[in-house]
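In what follows, a single structure is set out as structure tokens and then discussed.
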Amino acid sequence: YRDLAQLGLKYGPMFQAVRSLRQKGPSEIVAEIEIDASLGHDLDKYFLHPTMLDGCFQALMAMLDTNGDTYLPTNIEEFCFFGSAAGQLDKIWCVGKMVERDSRSLRCDLMIYDRDGNLVGSISGLQATVAQSSEQRTDKYGDPVKRQILKYNWDYGETPAEPKRLGHWLTVGDAGEA
């Protein structure tokens, strides 16, 4: 978190969820993410607590030679949650792989596992884009803009159609079975 603070990303104690981090080559990380105990009472409100998800994003910074740039998540192509009882995910393992990178953005895929190693979620096509330096931006009064403001754009996926049943079906059972 010292390295992130040097980039201007200062996380308070409750948002410092990365407990351990290993880099497997230049484009893959494995991170242990654990929620602060003081947030434990909120776990049952979420499938995956936002602090845990943010911890996964923070861990991706280990793969970057940022040159002082700040990367912000700007798009997720697909987020699948395969399940765990709400309130059960106080510790997760995140495996992140960089899929693509250019000078202004990167694209990663993430796999999220519970403490027992069961796959509970995946994020495909997480895009992070270099934020403009706040020193270069000023408001209408000439004062430096201190926060990066993003526009939220949420697209709902279509409900999958009922699968087509091919061929003919015969159902057999006893008279008392429904």
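The values are calculated or read from the model by the stated rules, or taken from the named source; none is laboratory data. The structure displayed is predicted, hence computed values, not measured ones. In this analysis, Cβ positions are derived from the backbone assuming ideal geometry, glycine residues included, and neighbour counts consider all displayed protein chains. Areas reflect the complete protein model, heavy atoms only, side chains present, ligands, DNA and RNA absent. Shrake-Rupley method; radii C 1.70, N 1.55, O 1.52, S 1.80 Å.
With the simple model of a label 7 Å out from the Cα in the direction of the Cβ, PHE82 to VAL99 spans 1.7 nm.
Ordering MET61, MET14, MET52, MET111 by accessible surface, largest first, gives MET14, MET111, MET61, MET52; the 1.4 Å probe counts only protein heavy atoms, with every chain in place. Using 0.36 nm per residue and subtracting the Cα-Cα separation, the extra length available between ALA5 and SER27 on full extension is 5.7 nm.
Orientation-averaged projection of the range 1-121 equals 7.5 nm² [convex hull of Cα atoms, one quarter of hull surface area]. Each of HIS41, HIS49 has its accessible area taken with a 1.4 Å probe; listed largest first, they run HIS41, HIS49.
Of the residues SER105, SER20, ranked by 1.4 Å probe accessible area with the largest first, the sequence reads SER20, SER105.
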